[in-house]
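So the structure is just underneath, and the comments pick up after that.
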Amino acid sequence: GYANSGWDLAVLDLQSREWRRIIEHGVQPQYLHPGYLLFTRDDRVWGVPFDVASLEVRGEPRPVIEDVQMHQTAPLQVAQLDMSEEGTLVYVRGESVGERHGRLSFVGAGRDPEVVIEDSEAFLLQPALSPAGRRMAVQTYSGRLNVQTWVLERSGDSGGRAAVEDGWGPIWTRDGSGLVYGAMRDGQPVIARRDLAG
């Protein structure tokens with residue numbers, strides 16, 4: 001259903017092709033090293049200890065983030081967040097789906113949220129952290145013909161912005177040296193790659 005109430009989380013054994021439900025009522029699972037599972041339920045992000053060897057949860061889920069912005073992507077509501085391999089999390093803060101003036105925040109292990117964008121004039125969507133968690137790409141949307149991908153650098157306590165180009169859905173390359181994203185070229189949609197090392 002549109003409130004994510006009809007979805008469960010399951011694990012799949014790739015050899016036997018058998019699956020087993022591990023959490024009722026949840027979507028958008030992400031594994032966080034060294035042993036946690038994050039997922040979305042009822043407009044919140046929840047966390048629960050997770051044993052990779054046995055593929056079982058250990059304990060009861062608890063709310064982790066209560067102010068993450070949700071985006072309706074039928075038939076799901078998708079939380080606007082991403083995690084790096086080393087445990088930094090980035091998310092768009094907002095109380096309602098499609099709230100234009102969202103705040104973008106980093107959260108490191110054991111630290112309070114670090115606000116990167118305080119009040120955006122555009123919708124902030126699909127944040128994506130680099131593998132090392134030091135840079136972030138985010139899609140901004142302020143109208144049908146104004147969709148951009150921005151890259152934010154973290155240097156100490158300050159962040160800088162640089163526009164990549166009109167584009168959407170940024171994904172980092174495995175080594176963190178560039179981005180792959182959707183873009184329009186000569187009126188046609190393409191998948192583009194941009195090197196960010198220079």
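The values are calculated or read from the model by the stated rules, or taken from the named source; none is laboratory data. Computed from a predicted model, the values in this text were never measured in an experiment. Backbone-built Cβ (ideal geometry, glycine too); neighbour counts: all protein chains shown. Heavy atoms of the whole protein, side chains included, go into the accessibility calculation; ligands, DNA and RNA do not. Shrake-Rupley method; radii C 1.70, N 1.55, O 1.52, S 1.80 Å.
For segment 164-198, which positions are touching a Gly at 6+ places or on another chain (Cβ under 8 Å) and assigned to a loop (DSSP other than H, G, I, E, B)? Gly167, Leu196, Ala197 - these are the residues of segment 164-198 that are touching a Gly at 6+ places or on another chain (Cβ under 8 Å) and assigned to a loop (DSSP other than H, G, I, E, B). The residues in segment 30-40 that are under 20 Å from Gly6 (Cα atoms) and open to solvent by less than 40 Å² (accessible area, probe 1.4 Å) can be counted, and the count is 4. Please identify the pairs in which a residue from segment 15-36 that is farther than 15 Å from Ser54 by Cβ has its Cβ atom under 6 Å from the Cβ atom of a residue that is charged (D, E, K, R) and not in a strand (DSSP E or B), counting only partners at least 6 apart or on another chain. Taking only residues 6 or more apart or on different chains, the pairs are Glu24/Asp8.
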